[in-house]
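To start, the structure itself, in structure tokens.
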Amino acid sequence: MGIIGLGARADLWGVLAHLPALRAMPGFEVTALGTSSPESAARSGEIHAVARTFSNATDLAACDEVDLVVVSVRTPKHREAVSAAIQAGKAVYCEWPLGNGLAETEELARLANEHNVPSIVGLQIRANPAMNYLRDLVANGYVGEVLSTTVIGSAGGSWGAYSDPDRRYMLDPANGTTLLTVPFSHTLDGAAWVLGEPQRLHIEHAVRRHSVTEAQTGQQLVMTSPDQVVASGRLTNGAVATLHYRGGHFGGTNFHWEINGTEGDIVVTAPIGHIQLAPLTLLGARGDAAELAVLPVPESYRKVTSLDWPATDGALEVADFYRQGAFGVAHLYQQFLEDLREGGNNVPDFSDAVVRHRTIHNASSMP
């Protein structure tokens, strides 16, 4: 494994999710890392005990000691790094969103197909034990025929009243990391995984906050990225679906998902709307039951039970926030390993990324 974006900072996704996941599981070895400069790469190599360090994706991908390249950098840099890995004939794992828009995503998927390299896209909600248990509950008739599903979620510290220097780039939708493409799309992917792809979907965007305050400096920054995303549509069986995502964090509901059916109801809750990161709680009621009860996830759904957490230099609170997301990434890696051993194709790959990008592209309506 070679990880592009495994830097020295403790709050990077590569450090808090990919590294502890890979080091906890037999079958994977982190042999190389890449950052933006030789100096930062060398420093990161010392911190993470990785001997081979690179300052560009092309050289890392060409390394004989790398079989699979992980791309864990900002969305505008995905195309260059993913292309380098594919052209070197290496398997590649790219964080979601795969490309900066539909056209770029389709290009990368074509390239991977032409070079016949295995690919993974970071839609790790599909590997989440709670999500797979939920999928089986619905498939096995817990709620009967699905009548409707409703989601309301928030984006936590992003696209709200405040920002910080690391998230400035997210204020401009041209950079590809938006309320629509990240928390909303992860949730839409989870809903589609459980209930099936929507057959009709319409998405509305709105920019209600036109400026935000940078918490560290008090500076007012222009935000042109939507802070409200609302979707409505129909599922394959005719059931009605609605999803509403809001920028920022709220004192009330930050994630609530209901699946209502002819025989019962299931509710999924989480402390934040980034369900790809959050601990999920399932509750359900069937028949004449007056109250919802917790539906514990059976241990058989958990393929990874512990991770190898690195030292975080005082950023333990950040590490705890990402802990659940790291377990999702670990389950995705475990599924990939099983696919390699058994000849399966169960992890979300670049063709799945095209489906998700195409869904939000075709359904979206900007004011």
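Points worth noting:
- Checking residue 50 against (1) open to solvent by less than 20 Å² (accessible area, probe 1.4 Å); (2) part of a helix (DSSP H, G or I), the condition it does not meet: (2)
- Looking across region 143-160, the residues that are part of a loop (DSSP other than H, G, I, E, B) and open to solvent by 40 Å² or more (accessible area, probe 1.4 Å) come down to 145, 157.
- Listed by first and then second residue, the pairs with beta-carbon distance under 9 Å, at least 6 apart or on different chains, first residue in region 2-20 and in contact (Cβ under 8 Å) with a residue 24 or more places away in the chain and at positive phi, second open to solvent by 10 Å² or more (accessible area, probe 1.4 Å) and not aliphatic (A, V, I, L, M), are 5/13; 5/35; 5/72; 5/74; 5/77; 5/95.
- In the condition set (1) open to solvent by less than 30 Å² (accessible area, probe 1.4 Å); (2) in contact with a helix residue (DSSP H, G or I) (Cβ under 6 Å, 6 or more places away or on another chain), residue 193 is compliant with all but (1).
- For the residues 57, 41, the requirement of being touching a strand residue (DSSP E or B) at 6+ places or on another chain (Cβ under 8 Å), farther than 16 Å from residue 336 by Cβ and open to solvent by less than 10 Å² (accessible area, probe 1.4 Å) singles out 41.
- Checked against the criterion of being surrounded by fewer than 23 Cβ atoms within 10 Å (Cβ to Cβ) and either within 27 Å of residue 29 (Cβ to Cβ) or modelled with pLDDT of 95 or more (or both), the candidates 83, 72 yield just one match: 83.
- Conditions (1) modelled with pLDDT of 95 or more; (2) crowded, with 19+ Cβ neighbours inside 10 Å; number of the one not met by residue 163: (1)
- Whenever a residue of region 155-173 is closer than 17 Å to residue 210 by Cβ, its partners that are β-branched (Val, Ile, Thr) and part of a loop (DSSP other than H, G, I, E, B), lying with C-beta atoms within less than 8 angstrom and at least six residues away or across chains, give the pairs 159/178; 170/177; 170/178; 171/224; 172/224; 173/224.
- Screening 14, 5, 99 for residues that are closer than 19 Å to residue 177 by Cβ and out of contact with any helix residue (DSSP H, G or I) (no Cβ under 9 Å at 6 or more places or on another chain) leaves exactly one candidate, 14.
- Any chance residue 308 is modelled with pLDDT under 95, in a loop (DSSP other than H, G, I, E, B) and either open to solvent by 10 Å² or more (accessible area, probe 1.4 Å) or closer than 26 Å to residue 227 by Cα (or both): yes
- Of the listed requirements (1) more than 21 Å from the chain's Cα centre (by Cα); (2) open to solvent by 70 Å² or more (accessible area, probe 1.4 Å); (3) at pLDDT 95 or above, residue 36 misses just one: (3).
- Pairing each residue of region 347-359 that is part of a helix (DSSP H, G or I) with any residue that is open to solvent by less than 30 Å² (accessible area, probe 1.4 Å) and of a type in the set (D, E, K, R), provided the two are 6+ apart or on different chains, yields C-beta distances under 8 Å for 356/189.
- Odd one out for residue 59, checked against (1) within 24 Å of residue 186 (Cβ to Cβ); (2) at pLDDT 95 or above: (1)
- Residues being touching a residue at least 12 places away in the same chain (Cβ under 8 Å) and in a helix (DSSP H, G or I) - total across region 60-108: 21
- Listed by first and then second residue, the pairs linking a residue in region 328-344 that is assigned to a helix (DSSP H, G or I) to a residue that is open to solvent by 30 Å² or more (accessible area, probe 1.4 Å) and among the aliphatic types (A, V, I, L, M), with Cβ atoms under 7 Å apart and 6 or more places separating them unless they lie on different chains, are 330/24.
The values are calculated or read from the model by the stated rules, or taken from the named source; none is laboratory data. Every value quoted in this text rests on a predicted model; they were computed, and no experiment measured them. Note: ideal-geometry Cβ built from the backbone for every residue, glycine included; neighbour counts use all protein chains shown. Keep in mind that these areas ignore ligands, DNA and RNA; they rest on the heavy atoms of the full protein, side chains included. Shrake-Rupley method; radii C 1.70, N 1.55, O 1.52, S 1.80 Å.
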